[in-house]
1. Name the residue, out of B:Arg51, B:Arg63, B:Arg43, B:Arg4, that is within 11 Å of chain A (Cβ to nearest Cβ), modelled with pLDDT of 55 or more, farther than 30 Å from A:Leu112 by Cα and surrounded by fewer than 17 Cβ atoms within 10 Å (Cβ to Cβ).
2. Which is surrounded by fewer than 20 Cβ atoms within 10 Å (Cβ to Cβ), more than 30 Å from A:Thr110 (Cβ to Cβ) and more than 9 Å from every other protein chain (Cβ to nearest Cβ), of B:Gly370, B:Gly331, B:Gly365, B:Gly352?
3. Filter segment B:153-165 down to the residues that are assigned to a helix (DSSP H, G or I) and either in contact with a strand residue (DSSP E or B) (Cβ under 7 Å, 6 or more places away or on another chain) or within 10 Å of another protein chain (Cβ to nearest Cβ) (or both) and list them by number.
4. Sort out which residues of segment A:136-148 are open to solvent by 10 Å² or more (accessible area, probe 1.4 Å) and part of a helix (DSSP H, G or I), and write them in order of number.
5. Which condition number does A:Asn431 fail, the rest of (1) within 14 Å of another protein chain (Cβ to nearest Cβ); (2) touching a residue at least 24 places away in the same chain (Cβ under 8 Å); (3) open to solvent by 10 Å² or more (accessible area, probe 1.4 Å) being met?
6. Quick check on A:Ala39: is it buried (at least 24 other Cβ atoms within 10 Å of the Cβ) and without any contact (Cβ under 8 Å) to a residue 60 or more places away in the chain?
7. Quick one: would you say A:Ala191 is more than 23 Å from A:Leu94 (Cα to Cα), open to solvent by less than 30 Å² (accessible area, probe 1.4 Å) and in contact with a helix residue (DSSP H, G or I) (Cβ under 9 Å, 6 or more places away or on another chain)?
8. Select the helices (runs of 4 or more DSSP H) contained entirely in segment A:434-511, then report the ones holding at least 2 residues which are away from every other protein chain (no Cβ under 14 Å) and without any contact (Cβ under 8 Å) to a residue 24 or more places away in the chain.
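The values are calculated or read from the model by the stated rules, or taken from the named source; none is laboratory data. Computed from a predicted structure; not experimentally measured. When we count neighbours, we look across all protein chains shown, and the Cβ atoms used for this are built from the backbone with ideal geometry, even at glycine. Just the protein is used for accessible areas: all its heavy atoms, side chains included, with ligands, DNA and RNA removed. Shrake-Rupley method; radii C 1.70, N 1.55, O 1.52, S 1.80 Å.
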Amino acid sequence: MQVLRRLRAGNLGLSTGPPALLLGFLATAFQIYLLREFAVHFYGNELTFGFVLGAWLLWGGIGSLVGPKLRIRPDRLPELYTAAIGLFFSGLVLLRFSHRLLGALPGELTGLVPALVFSLVLALFISFPLGLAFVLNAALLGGDAPRVYLLESLGAALAGLAVHLLLVPGVSNWAGAALVAAAGGLMIFFAFRRTQAWRLLAGTLAAAILFAAADVPSLKSAWKPFALIAAEDTPFGKLQVLKTGDQFSFYSNGLALFSYPDTEAAEESVHFALLQRPEVKDVLLIGGGISGGCAEILKYPGTRVDYVEINPAIIRLAERHLPAPAIAALRNPRVRVAFEDGRAFLERTEKTYDAILVNLPEPATAQINRFYTREFYAEARKKLGSSGVLSFIVPSAENYINRDLQQFLETLDRTLRDVFPNVVAVPGENNVFLGSASPLSVDAGAMAASMQRLGIHNTFVSPEMLPARLAALRIDYLKEKIRAGEGLVNRDLVPVSYYFHSILWASQFKGLESGALRLFSRIPAFWVLDAPLVATALALAFGAFKKRRSPARFLVPVAFAGFSSILVEIAVLIVFQSSFGYVYGKISLLLCSFMAGLAAGSFAGLRQKGQSPAGLAAVQGTLAVVILLVLKMAVSRGSEALPFLALAAVGTLSGYLFVAGNRLFLKEVPRPGTGYGIDLLASFVGVILASSFVIPLFGIPLLLGRLAVLNILGFLFTLTLAAFPAGPGLARSGTGTAFGSIGKADRTGPGRGSPGP
Amino acid sequence: MNRRQFIRRTAGAGLVIGAGLPSLCAGFGAAQEKGSLSRVEARYYKKLPDREIECELCPRACRLGDKERGYCGVRENQGGTYYTLVYGKACSLNIDPVEKKPFFHFLPGTNALSVATAGCNVNCKFCQNWTISQVRPEQVENTDLPPELIAAQAQEFRCPSIAYTYSEPIVFYEYMYDTAIGARRKRVRSLVVTAGHVKPEPLRDLIAVVDGIKVDLKGFSQDFYGQYVRGDLKTVLETIRTVAKSRVWLEIVYLVIPTLNDSMAGIREMARWVRNEVGDHVPLHFSRFQPLYLVKNLPPTPISTLEAARDTALGEGLKFVYLGNVPGHPGESTYCPACQKAVILRTGFKVGDVHLKGGKCKFCGASVPGIWA
């Protein structure tokens, strides 16, 4: 204890706040950039984000757990922070060259196992040291861990704001990360004010400069043998352009968007739809205009095109690098270009179209899934004329449709048929789906006649090629496959197509990934959503009415808050993107709201003179009500401010529950480790379950409903504790860690995390 | 519960889950379709002591214990006897233009009844038919289609030829062989579309019963074959040589993949080899790579690269060099090697005017090699 008194913050020449503030700042900023870069190299979808977030929580908690055992002196905190910055840079370098390390080509798909391994390794590099830092901060503040928690949350909120401001064109991820790290280095210097701090600062700034300078060269090197000619970090993702001979290929977050020229892709995206209605005049094209879509539409006399592209950087890069003919179509007076989310445009427009062509990647993420849902098709039908046609394309297989591909295609077909009475699918390496209120045809002869009448000359969708592609055997085979089963309807809040695409994607790797995802998809909702609730209710009832109660009873609200808050975060992000469009640029602010709430809640808990089970019950009950309000918000469109308010509210209640619950627990048992262990496990389980299959398969409304019930159970449990005060429980051990006698409440390691960049 | 107990119990639970989950997932990974299997004794293997066998069909020469399967996934040792599991078990059956295989000098403008089973003895990262080639037969829906029925169907659908294609017909050798014999009796020709990864003896026997073989020469370096195909280049080159020396019609396809096998120096070397080792009359197709399977994120092949490859091969003296997957390109048509006039005009799979008579150019009378009737 004397040693600890000497090591108190005042004696080390630092003020009490900044070191803990710095922890939250660094942890959150690092996490955001890690997630953004991870998305680029492992085709970020919600599943891989779940891995990164889960790994982050796991290693951060382990860092906090083993921290006392490592007996690192708190005065080494500046070195630890500096090392964390260095490890952060190293982690991003490892990530950039991940494909090289795996022996894979730059554009090669790598499966879930490498993504999981990399997320564990990177989180070990970055989150583990920050977990250690939490424990040292707690020691520096005389064991006042709740105060550390508060300051850390404030630092996290600050990071969310800072990163959001840095997410501007011209500032790449690496440059932004370098700036954040440099800011961190300066904060370390001013917080600790020791002689050695100069050296640490100098080292950090030098590393940051080198790191930022290495961005472009390392990117080019990582893409070899392909020639990278341009890269830009945009609020919508990292855009990259490759040049192969006279061909240009555009990538967004590591996924191929389009190549130019690519006549086959351009023709497929347009002609199967427009040849259904050769008299077409008004066409809405969502995506793919610059890669040839507009030019193909203009082949139809008198057509007018509204081309919607969400990311203006794509057009900007195209104008800079593509040859003149590629841009010429955009300059045609019959083409109007709008930079907006395609779905938001569709909902806003009052125009009626003859055709709506969705020329986007397949639903490989919950974000893109929004363009393949019943809600989207319903909106599209409202904006189509009575004979209007909607079309989209997905990769398929020409000669055999296996079970995974069949399930995926089934959901798309089923969803389309839920809205349009007439649906056909064109067979081939890519399947083109068409939906309309009027009859459709895939007759090669009829299409050829239309082309001849209109004087349209194509290369792939042509009279010479169509007979083989539209052979009766192939059409019948595809139809039989996609209508063999019931098929699930893909919804905004129940993104099943995205889930089945994940299974299909995973099945290419011959590992256990696809088996695991398939296994999950066969578990009935009752066993995932309801049976655990029943079991929890029984366990709580048993715990509430035991004669000798465990002190861990006060950690029930902590566990429930940890589990619920991460799930609500993920749910709100998905709701935000489905309601208001692309969420990529807003994610830091959303996270900031949650963290600010967390800070506010823990502050309220700290300020309160004494906690009681009745107070816990009241807050837990309030959390249940808030979750129900989030559910209401999810199913009905409201103001864009609501998701921010929802996250702030959930954060506030969770922060209070954590501080209050831990204080009550530690009054009986001075073991700070148990509280953060429970919180860690709960959050970890929540993020893995939500990302992997609960949300995609069962949907957000069901999930939020069950979460509300869970918190109602928690409310009833803590109410029982208040009504019937606890017995002696476990005896005080009088031992514990080096910080045992001063550690009151502890919490999760560094950064509770955001579910996506 | 104290911390130690908590960790112990969590680790214990984790171990139990970790031990059980892989087998559970593997079960869901493997047995989806519950496809039926055959049990017909394979040819080309030798029995070894202790109920082991060694396969002699392809250079992998799998040495297998009881209940083990070969690399291809469709042949299994059961108690010391080697069986093919896909005899009569077709998972894909289509009618395709023969130009799609591609065969440009074999009955142009006709259709081929195309059949495949699951399985393959190589692992191309760019496989177009990975849904059947990179899986086991239990993972696809198989239709019982005995050899004699295929030949009958070919006649019914007026297909003068049967193509063994999509996956790798060498792995369903017995099925292919018996079907070819039955087809010959009905005057239906047989075409094999193969990666050429086969041993000499089964190849020689196969040559005796089929009419055309198209070999996919995927690259011209063992590095490429090792890294992207998991195969052996020397074996494939030997296959090409053997077929070229026989009476069976041979065509070669080279799939051009950006930066991986598209260097003109390598293509020149390959073209020279074809000219010197198998003859300048053997049709060589340069096919455009379309991103799919494990490399679906790679860029497609620029057409200019294909054109450069064609020019390079023509420059080395090869007479019939084509571009694939570029409909309407002049490189799809056949030109008389003597007078250079177009004797077969093609647009994609559609054959237009044909200016051949008795296998000779109608303009100048020069012989144009191929199977024209």
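1. Details: B:Arg51 fails: within 11 Å of chain A (Cβ to nearest Cβ); B:Arg63 fails: within 11 Å of chain A (Cβ to nearest Cβ); B:Arg43 fails: within 11 Å of chain A (Cβ to nearest Cβ).
After applying the criteria, what remains is B:Arg4.
2. Values: B:Gly370 fails: surrounded by fewer than 20 Cβ atoms within 10 Å (Cβ to Cβ); B:Gly331 fails: surrounded by fewer than 20 Cβ atoms within 10 Å (Cβ to Cβ); B:Gly352 fails: more than 9 Å from every other protein chain (Cβ to nearest Cβ).
Answer to the check: B:Gly365.
3. Going residue by residue through segment B:153-165, those that are assigned to a helix (DSSP H, G or I) are B:153-156.
Hits for segment B:153-165 are B:Gln153, B:Ala154.
4. Going through segment A:136-148, the residues open to solvent by 10 Å² or more (accessible area, probe 1.4 Å) turn out to be A:138, A:141-142, A:144, A:147.
If the condition is that a residue be open to solvent by 10 Å² or more (accessible area, probe 1.4 Å) and part of a helix (DSSP H, G or I), then A:Ala138, A:Arg147 are the ones that fit.
5. (3)
6. Details: buried (at least 24 other Cβ atoms within 10 Å of the Cβ): yes; without any contact (Cβ under 8 Å) to a residue 60 or more places away in the chain: no.
Answer is no for this residue.
7. Working: more than 23 Å from A:Leu94 (Cα to Cα): yes; open to solvent by less than 30 Å² (accessible area, probe 1.4 Å): yes; in contact with a helix residue (DSSP H, G or I) (Cβ under 9 Å, 6 or more places away or on another chain): yes.
It is true that A:Ala191 is more than 23 Å from A:Leu94 (Cα to Cα), open to solvent by less than 30 Å² (accessible area, probe 1.4 Å) and in contact with a helix residue (DSSP H, G or I) (Cβ under 9 Å, 6 or more places away or on another chain).
8. Working: elements: A:444-454, A:466-469, A:472-482, A:496-506.
Qualifying helices (runs of 4 or more DSSP H): A:444-454.
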